[in-house]
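Input: a single structure, listed below in structure tokens.
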Amino acid sequence: MAGSDEIFQKAMNDGHSAAWDQAWDRAVEAYQRALDEFPDNPKALNSLGLAQYQLQDYADALKTY
């Protein structure tokens, strides 16, 4: 089942804004929302992994990458 492009783009934009502000917990939540729409999207996975890494959540970052 295909996800919603609109929800995905909004979540990615929210994640990027949070990452820019170094609000990594918010970024993780936003990128996870994006992945709920498109679970295998490489850009969302990479962004989520970076946010997890920045939170020093190395185990989850490794799984995500």
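The values are calculated or read from the model by the stated rules, or taken from the named source; none is laboratory data. Note that the structure is a prediction, hence the values are computed from the model and not measured. Every residue, glycine as well, gets a Cβ built from its backbone with ideal geometry; the counts of neighbours run over all protein chains shown. Side chains included, ligands, DNA and RNA excluded: accessible areas come from the protein's heavy atoms. Shrake-Rupley method; radii C 1.70, N 1.55, O 1.52, S 1.80 Å.
Take region 25-45 and flag every residue that is crowded, with 19+ Cβ neighbours inside 10 Å and in a helix (DSSP H, G or I). Within region 25-45, ALA27, VAL28, ALA30, TYR31, ALA34, LEU35, GLU37, ALA44 qualify. Only residues that are outside any helix (DSSP H, G or I) and either open to solvent by 90 Å² or more (accessible area, probe 1.4 Å) or on the phi > 0 side of the Ramachandran plot (or both) were counted in region 1-24, giving 3. Within region 37-61, being charged (D, E, K, R) and within 10 Å of the chain's Cα centre (by Cα) holds for one residue alone: LYS43. Remark: ALA51 falls outside the filter, which requires a residue to be of a type in the set (Gly, Ala, Ser), without any contact (Cβ under 8 Å) to a residue 24 or more places away in the chain and open to solvent by less than 20 Å² (accessible area, probe 1.4 Å).
In region 46-58, what residues are of a type in the set (Asp, Glu) and in a helix (DSSP H, G or I)?
Across region 46-58, there are no qualifying residues.
Quick one: in region 1-45, of everything that is touching a helix residue (DSSP H, G or I) at 6+ places or on another chain (Cβ under 6 Å) and of a type in the set (D, E, K, R), which residue is nearest to TYR58 (Cα to Cα)? Ranking the qualifying residues of region 1-45, first place goes to ARG26.
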